[in-house]
Amino acid sequence: MKVLILGSGGREHALAWAVKRSKRVTEVVCAPGNGGMAQIARCVPVDLKSLDAMVRLAEAEKPGLTIVGPELPLSLGIVDALRERGLRVFGPTKAAAMLESSKAFAKRFLQRHNIPTAKYAVSTTLAEFEKAVEKFHAPIVVKADGLAAGKGVIICATRQTALEAAQGLFSGSLLGEKAEQVVIEEFLEGDELSFLCLSDGKTVKALAPAQDHKRIGEGDTGPNTGGMGVYSTDAMLDEGMKEWIVRHIAEPTIRGMAEEDTPFTGVLYCGLMMTARGPEVLEFNARFGDPETQAILLRLESDLVDALEACIDGTLEQTEMRWMPGASACVVASSEGYPGSYKTGLPMSGLDEAARIPGVEVFHSGSAVADSKLVTAGGRVLGVTAAASSLEEALGRAYQALGEIHFDGMYFRRDIGHRALRRKA
Ligand code: AMP
């Protein structure tokens with residue numbers, strides 16, 4: 001079977017790597033892909049912002065399965081468009097992807113279905129916001145409604161700064177685009193957990209849990225990024241808590257979407273805050289996370305393609321997923337200056353030496369091939385990922401691999417997994 005993967009980051013590289021391991025897969029095509037994916041798959045150009053271009057490509061390639069990596073194609077309706085043409089595609093429809101593409105929709109949905117989440121209010125004007133914010137105690141979380149690649153969340157120490165943030169979102173001065181709706185949320189305290197599950201619209205199957213590190217600096221300081229590293233261990237989520245999250249968060253979400261005639265098939269990514277009152281939903285994503293996927297898929301022992309196809313066919317309940325016990329970790333190597341401006345086109349070395357370390361896979365987030373050499377092509381460049389029987393060992397392998405790799409200005413956090421390691425100490 002031929003598999004088409006839409007996207008160009010580390011998540012898609014990890015998906016391509018996992019898909020290639022399936023015995024049923026004969027060819028993997030990545031669109032547009034990157035320098036790393038080009039080593040294991042055929043890469044073809046496509047504009048992920050253009051629904052027409054993606055549809056034309058799928059019609060020409062006629063894959064047996066299409067996997068959609070990023071959120072934008074989902075929110076443009078790529079799944080609906082390919083299904084209408086009789087093509088098999090893994091991911092939610094445009095209507096179901098609203099769980100991610102509109103925070104206001106997600107919050108109202110959570111409230112309608114009594115799923116635990118922070119208290120909130122949605123405003124469409126600054127005057128409305130000013131009135132609503134009076135009912136919240138500081139710190140106050142202010143969020144833009146649409147997709148903002150992690151930049152649309154502002155944590156405000158006072159009501160006055162919350163008002164200024166809302167002003168910036170409504171006027172467009174903060175994100176470049178005017179927000180039509182702004183969400184106010186109660187600030188939740190606790191450890192964050194990325195709880196991803198597959199669904200065929202009825203059944204839920206949890207993937208290995210993960211915890212990511214969003215800030216650029218060690219000790220979780222400095223500006224937010226797309227994610228600087230992630231780890232996954234069995235110890236971070238015991239069976240009892242996992243069951244609770246499935247029964248009270250994941251299943252009611254899937255059931256609620258089906259009841260509202262927008263059944264959700266694909267990956268439901270529940271961003272949770274493990275508060276003193278219990279887990280509460282911070283956000284939903286309608287797709288695999290990046291870099292969570294890199295660490296999660298390294299632990300998957302069973303066939304990914306079987307599980308994704310079961311989501312399309314409605315047979316997930318009968319599909320077994322097996323996970324490697326132990327742990328995995330992914331440390332992101334980024335370009336100097338990221339998440340601000342940075343240079344690209346810098347040559348990279350040491351990747352083969354790094355990949356020879358047992359248990360290590362180097363996934364590419366932003367790389368390209370120029371004059372037959374690998375060069376940097378993004379803010380996040382590599383996701384150096386390792387699996388082992390313990391978190392310490394997985395991290396040790398990932399950092400050893402990073403020691404082999406070089407490009408000018410390469411930066412990575414040296415404290416990935418610090419919360420889990422501290423808890424163990
Ligand atoms: P979101 O895009 O909604 O997941 O928000 C991005 C990040 O902002 C989350 O991963 C949290 O670290 C933080 N955040 C969002 N909402 C809240 C909240 N209500 N309380 C505390 N932190 C939050």
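Per residue, the convex hull around the alpha carbon atoms of segment 39-137 comes to 173 Å³.
Straight-distance candidates among the lysines for linking to LYS373, with alpha-carbon spacing under 18 Å and chain neighbours fewer than 8 residues away dropped: LYS343. Global size of segment 334-425: 14.0, 48 Å for Rg and Dmax (C-alpha atoms, Rg to one decimal, Dmax whole). With distances taken between every two different alpha-carbon atoms, segment 132-274 has a Kirkwood hydrodynamic radius of 17.2 Å. Rolling a 1.4 Å probe over the protein heavy atoms gives segment 250-406 an accessible area of 37 Å² per residue.
Among GLY340, GLY190, GLY350, the largest mean-square fluctuation in a Gaussian network model of the chain, built with springs joining Cα atoms closer than 10 Å, belongs to GLY340.
Amide H contacts of ILE405 (H built 1.01 Å from N, in plane; Pro and chain starts excluded): no residue 5 or more places away or on another chain comes under 5 Å.
Beta bridges from DSSP with both residues in the chain: antiparallel share about 80 percent, rounded to the nearest 5. Determine the shape class of the chain: with a ≥ b ≥ c the square roots of the Cα gyration tensor eigenvalues, call it rounded for a/c under 1.5, and otherwise prolate if a/b is greater than b/c, oblate otherwise. Note, shape of the chain comes out rounded. Adding -39500 (n - 2.57) for every DSSP H run of four residues or longer, then dividing by how many residues the chain holds, sets the calculated 222 nm ellipticity at -8500 deg cm²/dmol.
Of the accessible area of segment 310-413, computed with a 1.4 Å probe over protein heavy atoms only, carbon and sulfur atoms account for 47 percent. Less than 5 angstrom separates the built amide H of LEU382 from those of ALA333, SER365, GLY366, all sequence-distant by 5 or more or on a different chain.
Under 14 Å Cα to Cα from LYS2, which aspartates and glutamates show up? Leave out anything in the same chain fewer than 8 places away. Excluding near neighbours in sequence, the set is GLU27, GLU59, GLU61, ASP306, GLU309.
For a straight C-alpha distance cut-off of 16 angstrom, the lysines reachable from LYS131 (same-chain residues fewer than eight places away being disregarded) are LYS119. Can you list the GluC sites (Glu not before Pro) in segment 125-208 that are in a DSSP coil and have 15 or fewer other beta carbons within 10 angstrom? Here the sparse-neighbourhood loop sites are GLU134, GLU177, GLU180, GLU189. Across LEU402, LEU74, LEU174, mean-square fluctuation computed from a Gaussian network of the chain (C-alpha pairs under 10 Å connected) peaks at LEU174.
The values are calculated or read from the model by the stated rules, or taken from the named source; none is laboratory data. No experiment lies behind these values; they were computed from the predicted model shown. Cβ atoms come from the backbone with ideal geometry, glycine included; neighbour counts cover every protein chain shown. Ligands, DNA and RNA are excluded from the accessible area calculation, which covers all protein heavy atoms including side chains. Shrake-Rupley method; radii C 1.70, N 1.55, O 1.52, S 1.80 Å.
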